[in-house]
Every structure is written in structure tokens, then in C-alpha cells.
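Undergrad: Starting off with a structure, shown below.
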Amino acid sequence: MAAASQIQDKLRRQIGSLFIVGFHGQTVDEDIKKLIRAPYYVGQIVLFQRNVANATQLAQLTHDLQGVAKEAGHEHPLIIGIDQENGLVTRIAPPITPQLPGSMTLGATGASEDAYNVGKATGRVLRSLGINMNYGPVCDVNNNPSNPVIGVRSFGDDPTKVADSAAANLRGLRDGGIISCAKHFPGHGDTAVDSHYGLPKIEKTWEQLERCEVVPFKRAVENNIESVMTAHIVFGDSSLPATLDPKVLSKLRSNLNYQGVIISDCLEMNAIRTECGGTVQGAVTALKAGCDCVMICHTIALQSGALDVVYAAAEDSSFAEQLTTSHRRVNATRQDLSLEAACSKPDLQSFYHISAENAKLALDVYKRSATLVRGSKILPLKKDGNMLFILPAEMPIPSGVVEYGDLQAPVPETPSGYLEVLKSFNPHIQTMKFFQNGSNDKEILDAAAATDTVILATRNARFSPYQRKMARSLQAAAPALVVIATCDPYDFLGEDGAFVENYVAIYEPTAAAFQGAADVLFGVCEARGRLPVRAP
């Protein structure tokens, strides 16, 4: 009986090491303790913005999580990961630590060195807080301007340039002491459906994918990426999303010769939860299809249920052998991690020093990324001019990725940060907001006609007709108009947006990026950014 119990315990530990789970507290609660302890022995944790209050709290949280693992008899430290893509997806946000540039901002500088430096800066700040994994870089090629979930999370729409930037970024993360994860294989860029809410389908053959979507992943594999995350997308003639499709995942192993860890995207996303048989059974299906790890971010009942179902399915000896192989792959990623070191409390003095260095790096990159897409005759703007700043009252976020896993749906910086930036140049600038119902359009247009210069901030106006309507009206009413696209650069690209005569793109809705645009508008520096995407 003792021998049988030891075998069962070993299997439980192996299965637990393959699960990535999230929880809802800012301290170690009973739910996460239950999963880390026997009989589940979960070995990987994913943190969200909901888990973060400040640096002191976060450092204590990661320390306490590792302490629970040690008490539970874990041989290795927990892998504690987070989606710190930077830019639009920033889980540890200002004022906790300085905002770092996201992927498309880095694509706009065109310098792989920037991608490396930001990757290393990200890795250093995460490690100083007790986090040892980042779910990045994003290797998706954003070759569909109508993509509602990737957009500026991608480095751009050129597969070779995306590959260059992503490879540099992952090298930086590694040199910063972080396990990295390329996502979302085989590519989430050419879809108009968000897999958080539905099941996208891409009608492409593998040969077509190899010429574009797969290029950055191939480069990541050549750079020994530790893990790759799957996409909940149906490809070609399959009826299953890649996460559950052995044909797609086998391509990663055979065609790309990848030997590392394959991780599922969260199985609570609707693409799996409601479209493909449910989260609990999805864990078994994903592991059998070729995933080494499965991620379930939110619900304790689904997490424990999936662990139990996988354990029961391991009665099949071939599946049990597959789980053992996956366990070996996971252990290989953490061979340099020490449980004793992980249980040492993070050094916050190091964190504050790193944050100060990161602020300088970010400022430099943002200054070089702001892109003057069109127009220059009215620049630089006068600091003492009569000026009006206009922005939409409702900033639409078509992607579920920002709010997914969070208690609320905050953006990395609120639009009020934009006004503070502008007031540092022109303290007398006035501001107004307009609404989707058009209730104050006349008031805004009258004010615009009576001012010298209008600055309009838009966010993803391609998906928002009322923002485009306001831009067209202001172009006719205002003596001088500058439009700043604060997220997707597609707002006024192409012929249908050419009516905007002065157009600047900054690639992320953060005050730090907006500072780069303001520096260009008021002549502090020239616009040096280049569009990393083509007009639709």
C-alpha cells in the first residue's frame, strides 16, 4: 500500500507541475494554498493586475507563495508568471514602476537594441519582485488591421521585422533572469474575432502560415525560447482550435524542431469554455493534443476539477508517459532556480534602483517612437497659443485582454495623464470630452472654431465611427487640427483617413507614450518613429 501511495503521490506532483493557475487575492488565500498543497501540488502561478497593489505587497505575495510550496514539499520553486507585455498590457503599472514601451512602440523605433534593452529591463524588475516568468514576447504578426485582440501588442505587420524584435526581446528577458514565452502559436494576427469571447478561424494552409505567421516563432525556437503559448484559433480545415489540435501542435515539434514547453492559453476563455467542450475536459484534451502545461486563471472549482480529471485520465499508461515527458520539459526550464533562493524575501532596494534606470530607458525609447504620419506645416506648436484638447468620453477597448483576469478594466494610464503632459507645455490649454450620442458636438465644434489649435486624441477610431465623425468635423471647423492616435495606428491611415492633415501615432494609451508625442508637437525633438504597419 505504501508503494502504491508513493506512486500516486509522484503522479499527482507531476500533474501539478503542469498546471498554471490564478487566484483573486493580494495575499495568499485558502484557495491557492489548497492548490499548491497535497494532493494537487500545483507548480505554476499566473498573476494579474488584481493581485498587485504595490511593490511591498507584491514582493511579500511572491515570497509567501514560495513559502507555501516549500512547506508542501515541492522540490522546485514555483514558476510565478505574469503578462508584462508592457504598453497596452501592463499588469504592474505606474506608479508602482515606470511604464515601459510595448511591442508596437518598439517596432516603431526599428531598433532591435531597443527590444533587447526593454526586455532586459522588464526581466530585471520582475525578478526583483520575485517573479520568474513573463508571458512574452508576443510573436503574432498583426497582418489584419481589424484584429480586435492583438493590434499594438504586436511589433508590426512584417514577419521578418517582428521576428527580429521578438528574438531580441526574448534575449533581453533571458539576460534579465526571466523564463520567456512566445505567443500565440501559430499566430493570432490575422483574425477579426477575440478568442476571449469567441472562436476565431483562419482559413490558411500550413504553407501559407509558414510564409508569415510562423516566421517569428521559428526565430524564437532558433533562439532557444523556453516556452510557447498556443492560440485558441481554428486553422485551415480543422474543427479544433490549435490548443486542442494535435496536428497543429505536432507542427511545432516536427517542422520547427521545438523541444521546449508548450503552454495553453487560458482554458477559461470562451473559445474553449463555451465552444469546445468546457474548461475541465479541455485540460485533458489539450495535454493529449501536445500541450505540456495548461492554464486556468480564475475559478477554483474548474482548477481542482481539471486536476482531478487529468489524474483520472492518467490511468491510461500512454497518457501517463506523456505527462512524465511534459514534467521533464517543465523541470528543464527551472533547473537554474533554487527553492531556497526563491524563499528569500525580494530586495526592494534593488527594485527601486532598477525602476529608476528603467524610467530613463523608457523616456528615450518613447521619444524615438512617436511617429508623424502626415503633416508638419503647423509644427512646432506655440506654447503660449490658444489651444484646446479634445478626447472621447468613452474610450472603446475592443479587446478583452486588458480586462480579462482583472476585477476592473483599467487602461495603463487614464486620459487625465494626457492633459497633465500637455499642460507642462501650455498651462492654459483647455479640455473637452465628446460623447457617442453626439449630445455636445455643437458646443465642441463652436469652441474649436474659436481657438488657434485643436489637439484631438483618439483610441481605436477604426472601430469607433463617432470618433471618426468628430475628427472630420473638427478638420473642417478648427483653424488647425492635430490628431494623435493613442493606440492602434490605423485610426486615420489609408485613403479614408486622409482628410486628417496632421496625424501622429504613439501606439499605446499611456501618459509615457503621450509625452513622446507632445515632445514632437512642441518642438522638443523631431519625430523619428516609423510606422511598423501598412495602411489598410
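Just so it is clear, none of the values below were taken in a lab; they were calculated from the coordinates. A quick note: this is a predicted structure, and the numbers were derived from the prediction, not measured. Counting neighbours? That spans all protein chains shown, and the Cβs are built from the backbone with ideal geometry, glycine included.
Undergrad: Using amide H atoms built 1.01 Å from N in the peptide plane, name the residues 5+ places from Thr27, or on other chains, whose amide H lies under 5 Å from its own.
TA: Excluding prolines and chain starts, which carry no amide H, there are no hits.
Undergrad: Check Ile45: other-chain or 5+ apart residues with amide H under 5 Å from its amide H, H built from backbone geometry?
TA: Under 5 Å from the amide H of Ile45: Val21, Ile79, Ile80, Gly81.
Undergrad: Quick one: 3J(HN,Hα) in Hz for region 447-462, Karplus 6.51/-1.76/1.60 with θ = phi - 60°, rounded, Gly and Pro as x.
TA: With coefficients 6.51, -1.76 and 1.60, one gets 5, 5, 5, 9, 10, 7, 9, 10, 10, 10, 9, 10, 9, 6, 5, 4 Hz.
Undergrad: Using label points projected 7 Å from each Cα along Cα→Cβ, tell me how many nm separate Ala301 and Ser317, to one decimal.
TA: 3.8 nm
Undergrad: For the residues Tyr466, Tyr352, Tyr40, what sequence is obtained by ranking on other C-beta atoms within 10 Å, fewest first?
TA: Neighbour counts put them in this order, fewest first: Tyr352, Tyr466, Tyr40.
Undergrad: Moving on. Compute the relative contact order of region 2-350 as a whole-number percentage, counting only Cα pairs closer than 8 Å that sit 6 or more residues apart in sequence.
TA: Normalised by residue count, the contact order of region 2-350 is 18 percent.
Undergrad: Using each residue's phi in region 518-523, evaluate 6.51 cos²θ - 1.76 cosθ + 1.60 at θ = phi - 60° and report the 3J(HN,Hα) Karplus result to the nearest Hz, with x for Gly and Pro.
TA: Here the 3J(HN,Hα) series is 4, 4, 5, 4, 9, x Hz.
Undergrad: Can you flag which of Lys204/Lys251; Lys33/Lys288; Lys70/Lys345 are past 25 Å Cα-Cα?
TA: On the way: Lys204/Lys251 14 Å; Lys33/Lys288 27 Å; Lys70/Lys345 14 Å.
With Cα atoms farther than 25 Å apart: Lys33/Lys288.
Undergrad: Compute the long axis of helix 2-17 from its Cα atoms, compare it with the longest principal axis of the Cα atoms of the chain, and write down the angle in degrees, 0 to 90, nearest 10.
TA: For helix 2-17, the angle is close to 10 degrees.
Undergrad: Continuing with the same structure: Roughly how many nanometres apart are two label points built 7 Å out from the Cα toward the Cβ at Cys525 and Asn257?
TA: Here the answer is 4.1 nm between the modelled labels.
Undergrad: Residue by residue, what Karplus-based ³J(HN,Hα) values in Hz, rounded to whole numbers, does region 26-38 have, using 6.51, -1.76 and 1.60 with θ = phi - 60° and x for Gly and Pro?
TA: Per-residue couplings from phi come out as 9, 10, 6, 9, 5, 4, 6, 4, 4, 6, 6, 7, 4 Hz.
Undergrad: Treating the chain as a set of equal point scatterers at the Cα positions, no solvent, please give the Debye-formula log₁₀ I(q)/I(0) at q = 0.06, 0.07, 0.13 Å⁻¹.
TA: -0.29, -0.39, -1.23
Undergrad: Next question. How far is helix 300-313 tilted off the main Cα axis of the chain, in degrees rounded to 10, range 0 to 90?
TA: Rounded to the nearest ten degrees, it is 40.
Undergrad: Ok, one more. Could you list His74, His298 so that the one with the fewest beta carbons within 10 Å of its beta carbon is first and the one with the most is last?
TA: His298, His74
Undergrad: Of the beta bridges DSSP finds with both residues in the chain, what % are antiparallel, to the nearest 5? Write down the numbers at each step before the final one.
TA: Values: 6 of 48 bridges.
Approximately 10 percent, going by the DSSP bridge assignments.
Undergrad: Could you check the spin-label model distance between Thr325 and Asn223? Points 7 Å from the Cα along Cα→Cβ, value in nm.
TA: Each label point is offset 7 Å from its Cα along the Cβ direction, giving 2.8 nm.
Undergrad: Give the Cα extents of region 108-233 along the principal axes, in whole Å, largest first.
TA: Reported extents, whole Å, longest axis first: 42, 28, 25.
Undergrad: What FRET efficiency comes out for the pair Asp452/Arg374, r = Cβ-Cβ distance, R0 = 22 Å, nearest 0.05? Display every interim value, and only then the final one.
TA: Values: r = 20 Å, r/R0 = 0.92.
According to the calculation, E is roughly 0.65.
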